[in-house]
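What follows draws every value from the coordinates through simple rules; no lab data is involved. Note that this is a predicted model, so its numbers are computed, not measured. Note that we place each Cβ from the backbone using ideal geometry, even for glycine, and neighbour counts take in every protein chain shown.
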Amino acid sequence: MSDQLMRYYERELAYVRKSLDEFVNQFPEQAGTLRLNQSANEDPNISRLIDAMALLTAKTEKRIDEQFPELVQGLFSLLYPGYLQVSPSYTVLELEADPDKLSDIVFLPNGSPLTLPVKSGHECEFTTVSDLQILPLEITQVKAQAAPFNFITPSQLKHSDSVIQIELSALENMFSQIAFNDFNFYIRGFENNSASVIDLLLLQTEVISVFHGDQQKVIEVDRLVSRIADEDFQWLPKYASHFKGYDLLRDYFTYPDKSAFFSIKSLGRELSEFSTDKVTINFFVKQLPAEFLRLFDKSVFALNAVPSINLFETRGEPLNYDFSKLALPVVADVNAGEQLEIVSVESVSEVLPTGEIALSPVYESGYWHDDKSPQWQAKQYWNEQGKRHIDLSISYPYSQPSDSIVLSMMLKVCNGRTPCLVPAGTEADSLAAIDLPGVLKTLSAPTAPHYPDLDNRMNWRFIALLNSNFSSLLQADDPVKALQHALRLCCPQTLCPQADAIKNVEYQHLVSPMTIMQQTIFASGTEVTITLDDELIANQVAVFAHVLNHFYQQFCSFDRFIQLKIKRFGNSQSSIDFPKVHGSQVCL
């Protein structure tokens with residue numbers, strides 16, 4: 001008997017004994033005949049009967065308790081399928097270009113597969129989670145200097161006392177001959193710590209310019225953005241039932257390095273006006289720490305970098321199901337052993353001589369569904385050895401086949417913790433049907449995967465997920481705790497410093513003028529003011545504020561606006577005020 005079953009048994013036995021005491025008090029004559037609760041003279045047959053009844057009841061109660069998480073998992077699969085999935089390892093890859101091959105723009109699409117070798121002789125398969133536009137450019141020099149500057153400066157410059165300079169070189173053509181739109185780059189930072197550089201660029205950049213010789217173009221500062229909130233830059237799998245605000249938070253908490261991917265929107269428009277093969281991008285910043293001046297070099301920024309996660313699709317081992325068991329274990333690959341871990345079961349089909357017939361998931365059926373057709377349900381659990389398993393159950397409501405059936409499954413899988421053995425600088429083997437002008441190499445070792453908790457707290461997280469909406473945030477008795485709970489709901493770690501950093505939340509309803517498509521209107525909306533403690537999230541205030549701004553925008557209705565203001569607790573620096581966003585703009 002397991003320890004868990006023993007606890008159920010002891011609880012049931014105590015309840016039965018208590019009930020028998022009440023029976024003895026109410027009916028003493030009958031109890032005396034049965035010799036109940038007479039410790040020395042109790043009938044041994046009665047004792048065995050009581051013990052057996054307690055054991056049977058304990059097993060029944062244990063099974064009911066085990067089925068409740070199955071129900072919650074099914075509801076999760078309907079409301080938010082990705083919530084209980086493994087968040088796989090992540091790494092960023094940089095193309096080491098061959099100048100002789102990179103003469104024009106090469107496009108590597110999102111979802112391109114690649115493999116990384118492991119010392120044990122195995123391979124880990126990764127998938128890119130963003131389009132990569134490989135530009136025939138390279139960073140030749142990066143430096144920072146303090147004022148006074150020995151080059152022409154923009155007239156808009158007022159308060160900046162330092163500049164960060166990135167010198168770009170075209171490999172073959174002039175910049176005027178290279179046609180592209182956004183200029184994307186990755187911030188590696190100092191010793192692979194990018195937080196301070198990210199915070200500096202987002203909060204302290206006053207003016208951006210591109211110059212060569214006497215020619216200069218000024219770039220609006222708001223065109224420099226972190227790609228963390230871009231809708232086409234989501235890393236974890238998307239599902240139609242997902243709320244975009246939670247997807248944004250899950251990506252942010254699971255992969256903090258996502259904020260290091262930056263873009264200067266439509267920079268190609270200005271660069272196309274330079275008939276030269278070299279230009280310098282200037283970031284004029286305020287309050288650049290003196291110790292940073294000597295730290296800037298070519299290793300701080302990277303071009304042609306693409307994020308990838310250890311997630312890919314494969315066909316699982318076929319199952320021969322004879323209906324003698326309630327469920328069968330799902331196996332991705334018998335030969336791979338523990339090298340493959342199942343993230344999710346995407347589809348199940350019955351294999352017939354005439355082809356495959358798709359089965360529908362239990363909780364995704366609507367009122368229009370044929371209630372006589374077979375259905376499937378997947379359940380994940382942790383066994384007593386701490387290993388994660390997924391079982392598959394099949395339901396034939398009316399016409400169950402007399403013989404066994406063969407099932408085929410499409411799975412999303414990962415390599416578990418194996419990618420953590422891949423060192424930085426490992427060369428990747430691209431499986432895409434594209435001739436890359438160089439080799440892709442990892443800039444850092446892949447991160448560890450995050451596994452979902454399948455304990456009793458899952459029930460409360462499901463209730464919190466149902467309750468977390470704009471009304472619950474807005475009308476909560478304690479708006480600080482309401483927002484903190486929404487953040488912790490999406491954080492895979494036990495501790496969430498971003499939630500702890502929230503000191504105050506205020507909502508104010510007002511009517512304000514705003515311009516939409518060159519038309520000035522009066523609109524009602526909500527102004528959200530959040531006070532953050534800088535000390536708890538050092539060098540992450542700008543990114544976190546950016547994430548919160550887009551999170552609240554997802555709650556904005558079509559006829560209202562929302563505006564976020566960030567105050568800094570115990571900090572004399574100015575607040576971060578985001579512009580008003582109308583619901584019609586979000587929809588567009």
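Under 5 Å between amide hydrogens, which residues at least 5 positions from Ala445 or on another chain qualify, with H placed 1.01 Å from N in the peptide plane?
Result for Ala445 returns Ala424.
Would you mind ranking Cys490, Cys414 so that the residue whose beta carbon has the fewest other beta carbons within 10 Å leads the list?
Numbers: Cys490 22, Cys414 26.
Ranked by crowding around the Cβ, least crowded first: Cys490, Cys414.
Of Phe312, Asn282, Val300, whose Cα points farthest to the positive end of the dipole of the range 253-411 (charges on the beta-carbon: +1 Lys, Arg; -1 Asp, Glu; origin at the Cα centre)?
Asn282
Given +1 on the Cβ of Lys and Arg, -1 on the Cβ of Asp and Glu, and no further charges, what dipole in debye does the chain carry about its Cα centre, rounded to the nearest 20? Spell out each step's value before the answer.
On the way: 46 positive and 73 negative charges, 241 e Å.
Charge dipole, the chain, about its Cα centre: 1160 debye, nearest 20.
Viscosity 1.306 mPa s, temperature 10 °C: what is the translational diffusion coefficient of the range 101-185 from Stokes-Einstein with a Kirkwood Rh over Cα pairs, rounded to a whole number of µm²/s?
In µm²/s, the coefficient is 94.
Would you mind calculating the relative contact order of the range 126-203 from Cα pairs under 8 angstrom and at least 6 residues apart, reporting the percent as a whole number?
Details: 51 pairs, mean separation 22.4, N = 78.
Relative contact order of the range 126-203: 29 percent.
If we count other beta carbons within 10 Å of each Cβ, what is the order of Val142, Val343, fewest first? Walk me through the intermediate numbers first.
Working: Val142 16, Val343 24.
Arranged by neighbour count, lowest to highest, Val142, Val343 become Val142, Val343.
Taking the C-alpha atoms of the range 223-300, how large are the radius of gyration and the largest Cα-Cα span, Dmax, in Å?
Just the Cα atoms of the range 223-300 yield Rg and Dmax of 17.3, 49 Å.
Kirkwood Rh, the range 315-413, all Cα pairs: how many Å? Provide the component values of the computation, followed by the final result.
Numbers: mean 1/r = 0.0695 Å⁻¹.
So the Kirkwood estimate lands at 14.4 Å.
Can you pull the Kirkwood radius for the range 457-587, inverse mean 1/r over Cα pairs, to one decimal in Å?
15.7 Å
Using alpha carbons only, how many degrees (0 to 90, rounded to 10) separate the axis of helix 244-254 from the longest principal axis of the chain?
90 degrees
Please give every one of the lysines within straight-line cross-link reach of Lys325, meaning a C-alpha to C-alpha distance under 22 Å, and leave out same-chain neighbours fewer than 8 residues apart.
Lys59, Lys62, Lys372, Lys379, Lys387
Run lengths n ≥ 4 of DSSP H only: what is the helix-derived mean residue ellipticity at 222 nm for the chain, with -39500 (n - 2.57) per run over all residues, to the nearest 500? Display every interim value, and only then the final one.
On the way: 12 runs with 142 residues, N = 588.
Counting only the DSSP helices, I get -7500 deg cm²/dmol.
On a straight-distance basis, which lysines could pair with Lys278 in a cross-link, Cα separation under 23 angstrom, same-chain partners fewer than 8 positions away excluded?
List returned: Lys101, Lys143, Lys217, Lys265, Lys298.
Roughly how many debye, to the nearest 20, is the charge dipole of the range 3-64 about its Cα centre, given +1 on each Lys and Arg Cβ, -1 on each Asp and Glu Cβ, and no other charges?
On the way: 9 positive and 10 negative charges, 58 e Å.
Roughly 280 debye, rounded to the nearest 20.
Measure out, as a whole number of angstrom, how far apart the alpha-carbon centroids of the range 463-508 and the range 91-114 sit.
For the range 463-508 versus the range 91-114, the Cα centre distance is 40 Å.
Rank Ala545, Phe561, Ser574 by how far each Cα sits towards the positive end of the charge dipole of the range 523-576 (+1 on Lys, Arg Cβ; -1 on Asp, Glu Cβ) and give me just the farthest.
Phe561
Of the peptides 21-32, 302-313, 121-132, 209-220, how do they stack up when ordered by the mean number of other Cβ atoms within 10 Å, highest first?
Numbers: 21-32: 11.7, 302-313: 22.3, 121-132: 19.8, 209-220: 16.2.
The densest-packed peptide leads the list: 302-313, 121-132, 209-220, 21-32.
Using the alpha carbons of the range 3-64, what is the convex hull volume per residue in cubic angstrom, as a whole number?
Details: hull volume 5.0 nm³, N = 62.
Expressed per residue, the convex hull around the Cα atoms of the range 3-64 is 80 Å³.
Along the range 93-108, what does the Karplus equation 6.51 cos²θ - 1.76 cosθ + 1.60 (θ = phi - 60°) give for ³J(HN,Hα), rounded to whole Hz, x for Gly and Pro?
Each residue's phi maps through the Karplus curve to give 10, 10, 7, 8, 6, 8, x, 6, 9, 8, 10, 9, 5, 10, 10, 10 Hz.
If amide hydrogens are placed 1.01 Å from N in the peptide plane, which non-local residues have theirs closer than 5 Å to the one on Arg188?
Hits under the 5 Å cutoff: Phe301, Ala302.
How high is the relative contact order of the range 315-413? Use alpha-carbon pairs under 8 Å, at least six apart in sequence, and give a whole percent.
Numbers: 173 pairs, mean separation 43.2, N = 99.
Computed over the range 315-413, the figure is 44 percent.
Run down the lysines and flag those whose C-alpha is under 17 Å from the C-alpha of Lys481, throwing out any fewer than 8 positions away in its chain.
Candidates past the 8-residue exclusion: Lys503.
Net charge near Lys158: determine it from the other residues with C-beta under 11 Å of the C-beta of Lys158, scoring Lys and Arg +1 and Asp and Glu -1. Please list the in-between numbers first.
Working: positive: Lys286; negative: Asp161, Glu206.
So the surrounding residues net to -1.
Of all DSSP beta bridges in the chain, what percent run antiparallel (nearest 5)?
Values: 112 of 123 bridges.
DSSP beta bridges in the chain are roughly 90 percent antiparallel.
To the nearest 0.05, what FRET efficiency results for Gln145 and Glu535 with a Förster distance of 35 Å applied to their C-beta separation?
Computed FRET efficiency for Gln145 and Glu535 comes out at 0.70.
Based on DSSP, what percent of beta bridges with both residues in the range 457-587 are antiparallel, to the nearest 5?
Details: 18 of 27 bridges.
The antiparallel proportion sits near 65 percent.
Mean shadow of the chain, computed from the convex hull of its alpha carbons, in nm²? Show your work: numbers first, answer last.
Numbers: hull surface 155.0 nm².
The directionally averaged projection comes out at 38.7 nm².
Sort Trp376, Trp382, Trp460 so the one with the fewest other Cβ atoms within 10 Å of its own Cβ comes first.
Values: Trp376 20, Trp382 14, Trp460 11.
So the ranking, lowest neighbour count to highest, is Trp460, Trp382, Trp376.
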